[in-house]
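The values are calculated or read from the model by the stated rules, or taken from the named source; none is laboratory data. Nothing here was measured: the structure is a model prediction, and the numbers come from that model. Note that we place each Cβ from the backbone using ideal geometry, even for glycine, and neighbour counts take in every protein chain shown. We work out accessible area using only protein heavy atoms, side chains counted, and drop any ligands, DNA or RNA first. Shrake-Rupley method; radii C 1.70, N 1.55, O 1.52, S 1.80 Å.
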Amino acid sequence: MKLITCLYKGEERVGALTEEGVAFLPYPDMNALIEDASPSAAALTPTAKPVPLEDVKLLAPIPRPRQDVICLGMNYRDHEREAAKYDAEAFAKSKPTAIYFSKRVSRAGDPEGIIPRYEGLVERLDYESELAVIIGKTAKHVKAEEAGKYVFGYTVLNDVSARDLQTGHKQWYFGKGLDGFTPMGPCILTAGETAFPPALDISCRINGELRQHSNTALLIHSIPEIIAELSAGMTLLPGTIIATGTPAGVGMGFDPPKFLRAGDVVACTIQGIGTLRSTVC
């Protein structure tokens with residue numbers, strides 16, 4: 001099942017994508033649906049006849065995450081190498097352990113939305129296509145072999161990054177947490193629709209030019225490992241979003257770098273989920 005949040009006649013609604021369009025579901029928002037760990041068949045039954053997809057405006061599947069997004073840094077080997085080449089002091093890894101950081105999100109960016117340019121503050125604006133995992137029930141002390149039971153679904157997330165702020169401040173929070181730096185969508189693919197852990201093609205195109213292309217099977221630290229390690233010391237609540245890292249091909253990885261400019265169209269695509277498209281403004 002593919003779940004969405006959308007605007008319909010000025011009202012924010014939760015729905016499921018069907019062959020006939022959007023079937024609305026009786027939940028006030030996506031967080032409420034996720035918290036209902038075992039929704040009944042009645043709860044997932046459309047409340048009325050589906051409406052055409054073109055009649056709604058897609059929003060981020062979880063427009064207002066309840067907590068900061070948990071992110072993985074340099075979780076593909078090829079991206080690890082290109083990042084270290086760009087700035088060894090900022091990105092070189094001295095240990096084989098996972099790099100975790102948080103991404104502040106007051107409002108997630110919508111599919112077909114914008115990425116703000118922040119002229120005067122940001123000079124090196126970059127993109128990162130990522131698979132985001134959404135936790136479906138409270139996870140604490142989860143064993144890796146049981147991790148799949150705690151996943152609600154998956155979406156596409158663009159971990160937009162201001163490289164000058166990220167490297168200049170010697171930490172990543174400010175450079176990755178500006179307003180509008182977390183586009184997400186276009187939908188949530190529920191966990192049962194793909195194998196666990198998912199092995200899905202992931203890509204990013206800038207103005208139609210293919211920049212990133214890989215597969216989520218190539219994560220250095222797997223989704224079961226991530227959930228097990230995080231839950232060993234923190235409680236992962238329903239709706240928690242974990243961005244699993246990006247493959248090679250980000251703007252800073254080119255020589256010379258190819259950072260984003262006003263008017264650029266960024267299209268992040270993951271097999272089975274869809275394309276998250278944003279315009280730099």
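Checking residue 231 against (1) farther than 30 Å from residue 122 by Cα; (2) hydroxyl-bearing (Ser, Thr, Tyr); (3) open to solvent by 10 Å² or more (accessible area, probe 1.4 Å), which single condition isn't satisfied? Tallying (1) farther than 30 Å from residue 122 by Cα; (2) hydroxyl-bearing (Ser, Thr, Tyr); (3) open to solvent by 10 Å² or more (accessible area, probe 1.4 Å), residue 231 fails exactly one: (3).
Filtered by the rule that a residue be closer than 15 Å to residue 261 by Cβ and open to solvent by 30 Å² or more (accessible area, probe 1.4 Å), region 106-115 gives a lone residue, 114. Of the residues making up region 247-281, those that are in contact with a helix residue (DSSP H, G or I) (Cβ under 6 Å, 6 or more places away or on another chain) and either surrounded by fewer than 16 Cβ atoms within 10 Å (Cβ to Cβ) or closer than 27 Å to residue 2 by Cβ (or both) number 2. Number of residues in region 137-156 that are under 23 Å from residue 5 (Cβ atoms) and among the charged types (D, E, K, R) equals 1.
Number of residues in region 210-227 that are within 19 Å of residue 101 (Cβ to Cβ) and either open to solvent by less than 10 Å² (accessible area, probe 1.4 Å) or small (Gly, Ala, Ser) (or both): the value is 4.
Please give the number of the condition residue 57 fails out of (1) surrounded by fewer than 20 Cβ atoms within 10 Å (Cβ to Cβ); (2) modelled with pLDDT of 95 or more; (3) in contact with a Lys or Arg (Cβ under 8 Å, 6 or more places away or on another chain). If we test residue 57 against (1) surrounded by fewer than 20 Cβ atoms within 10 Å (Cβ to Cβ); (2) modelled with pLDDT of 95 or more; (3) in contact with a Lys or Arg (Cβ under 8 Å, 6 or more places away or on another chain), just (3) comes out false. If you check residue 249 against the conditions, is it assigned to a loop (DSSP other than H, G, I, E, B), touching a Leu at 6+ places or on another chain (Cβ under 6 Å) and at positive phi? Taking the combined requirement at face value, the residue does not satisfy it.
For residue 161, the requirement of being in contact with a helix residue (DSSP H, G or I) (Cβ under 8 Å, 6 or more places away or on another chain) and either touching a residue at least 24 places away in the same chain (Cβ under 8 Å) or open to solvent by less than 40 Å² (accessible area, probe 1.4 Å) (or both) is met.
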